[in-house]
Amino acid sequence: MFSRLSLSVFALTAIVCSLILGMSLQNLRASENYISVTGSSQQVIESDTATWRISLEHVTQDTLTLREGSETLASSLKVLLSYLAKQGFSGSSVMVQPVSVETNINYNLGNVPSSYRLHQSVVVQSNSVSRVTEAAKNSSTLLAQGAVISTSGVEYTYSRLPELRVELLSRATEDAKKRADSIARSAGSSLGKLQSASVGVFQVAPVNSIEISDYGLYDTTTVTKQVTAIVRASFDVK
């Protein structure tokens, strides 16, 4: 038989377990009194910076013609810079990189050099987006002047994106709150304080595009873009 002390300890243990269980159930119910929603905000922007990357190349077969190749490259650069100046681009808006030389090896003939590739990059960057676009569009005229160039197209970016992100996040959070309040009211409850919030990735895409990325998207091919911000938020419900 149990002693009085054993019965007392057993009874006390049972009471404590009941209290713990009761508190756990209460906390569980309390943790379920919230609403999780997703809010979003969008804004159409116009790119304010254009970057045009241009490559000059020349391939020479041996070291004897390296000098000739270097002169050919210099001639192409001169034609290009003259063209850019006529388009209104000079000084800090045009960045000319040093010439690089790549040696191509013929491994079938005893690892001897087979040719040399001379390469030089020129970057045009300006806030005059339309002028950069026109200059790139009409660059085929450089070929007629003997300048051998290749380009990867114009990149369009928005310099005030960090400030816009802050504004869009605020609007997305407000949108989430309105959605949560609407849900709470329809259920006969009222919305409480913000419990938690997380920011989704930003999507900078062409207008009316349905393309998205889990890691965020930043389109640089179009002048007009649509920026989308996502906020996931949880609110207490009374």
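Below is a table of values for the structure above.
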read-out: Distance (nanometres) between label positions extended 7 Å along Cα→Cβ at T224 and V201; value: 2.6
read-out: Counted charge near V132, where neighbours are those whose Cβ lies closer than 15 Å (Asp, Glu -1; Lys, Arg +1); value: 0
read-out: Ordering of 176-185, 84-93 by packing [mean C-beta count within 10 Å, highest first]; value: 176-185, 84-93
read-out: Given charges at Cβ of Lys, Arg, Asp, Glu: the range 182-238 dipole, positive-most of Q226, A197, S186; value: S186
read-out: Spatially proximal lysines relative to K86 (Cα-Cα < 21 Å; intrachain offsets below 8 disregarded); value: K78, K137
read-out: Centre separation in Å (Cα based) which lies between the range 31-92 and the range 190-238; value: 29
read-out: Charge tally in the Cβ shell below 14 Å around V96, where Lys, Arg are +1 and Asp, Glu are -1, V96 excluded; value: +2
read-out: Eligible lysines near K238 by straight Cα distance, threshold 25 Å, same-chain separation 8 or greater; value: K177, K178, K193
read-out: Neighbourhood charge, 14 Å Cβ-Cβ cut-off, centred on A74 and excluding it, Lys, Arg +1 and Asp, Glu -1; value: -1
read-out: Over the range 116-214, relative contact order from alpha-carbon pairs under 8 Å, at least 6 apart, %; value: 12
read-out: Extension gain from S75 to I183, taking 0.36 nm per residue of separation minus the Cα-Cα distance; value: 31.9 nm
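FYI, it's all coordinate maths here, none of it is from the lab. Given the structure is predicted, the values throughout are model-derived calculations rather than measurements. Heads up, the Cβs are rebuilt from the backbone with ideal geometry, glycines too, and the neighbour counts pull from every protein chain shown.
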